[in-house]
Every structure is written in structure tokens, then in C-alpha cells.
Amino acid sequence: MSYAKPLTPEERLADAKKQLSLPRIVVICGSTRFMTEMAEADIQETKAGRIVVKPACDMKSPHELRPDPAEAEALKARLDALHRAKIRLADEVLVVGDYIGESTRAEIAYARSLGKPLRFTHPAVDSGD
């Protein structure tokens, strides 16, 4: 007798999105120096009928809510974890910008490890790692 293999959490999520008839979910990744470009990509992706998630905080710019460097570092760690969750939620990843730094490179590697399709606004920066 053969039993059905239980679904993985990823398969359950994909099935739930399908049952809910959700549009594709795109997560925007890239250096926060490209926040303006990310906002434009958000508009274009939304116009194309996709749900968009992206970074909301630019940790490189000063802000009165994080004057203490230790608090800022702790916040960055929490935001990095939150962005990895956005990558897990998404159906695909859009990498914005003509520069790939260490954080974005790690996000790309994480997305690839999950089998997420990637698109690049500047395909030349994709090293394929």
C-alpha cells in the first residue's frame, strides 16, 4: 500500500497561494542605495499585476529612531531576517541596481538555494553564483 508523502511547508504555501488565486509575489532585493529604483520597480511590478514586497528601511541613511549604533546593528539583523522571510514568501526575486554588495549577494544565494527564479534590472551584475 502506498501513502501520499506529506507536503513540505513550501509546497503547502504554494498550494495555499494557488487556492487563494493570488497573483505572483515578487520580492525586490538590492542595495539600499537604489531605494528610488526599487520604488520605480515596485510601481512597474504592481502595474504588471504582481504583489510586491521590498525593503522598507534604508539603514545607511541617518534616522532619529536609531541613533544608538548598537540598536541600529540589532535592527539591521532583524531586518535581514525579515527580508529572508520575504524571499521565502515570494514566487520570484527581482534584483535592482547595477551593483551587488555583500548583503545582496547573500540574498541572491539564499533565493537560489530555495530554487526561486531571479530577474535582474541589470543582468550584467549576475555572476551566477
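The values are calculated or read from the model by the stated rules, or taken from the named source; none is laboratory data. Please read these numbers as outputs of a predicted model, since none were measured by experiment. Positions of Cβ are generated from backbone atoms using ideal geometry, with glycine treated the same way; all protein chains shown enter the neighbour counts. Calculation scope for accessible area: heavy atoms of the full protein, side chains included, ligands and nucleic acids excluded. Shrake-Rupley method; radii C 1.70, N 1.55, O 1.52, S 1.80 Å.
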Practice task
Out of Gly49, Gly128, report the one residue that is at pLDDT 95 or above and out of contact with any Phe, Trp or Tyr (no Cβ under 9 Å at 6 or more places or on another chain).
Solution key: Gly49
Exercise for the section: Working only within the range 14-62, note down all residues that are polar (S, T, N, Q) and either more than 15 Å from Glu107 (Cβ to Cβ) or assigned to a helix (DSSP H, G or I) (or both). Expected result: Gln19, Ser21, Thr32, Thr36, Gln44, Thr46, Ser61
Exercise for the section: Run down Ala56, Ala81, Ala85 and say which single residue is under 20 Å from the mean Cα position of the chain (by Cα), modelled with pLDDT of 95 or more and open to solvent by less than 100 Å² (accessible area, probe 1.4 Å). Expected result: Ala85
Exercise for the section: Give me a count of the residues in the range 15-51 that are touching a residue at least 60 places away in the same chain (Cβ under 8 Å) and either of a type outside the set (Phe, Trp, Tyr) or closer than 17 Å to Ile87 by Cα (or both). Expected result: 12
Problem - Residue check for Ala70: modelled with pLDDT of 95 or more, open to solvent by 50 Å² or more (accessible area, probe 1.4 Å) and part of a helix (DSSP H, G or I) - result: no
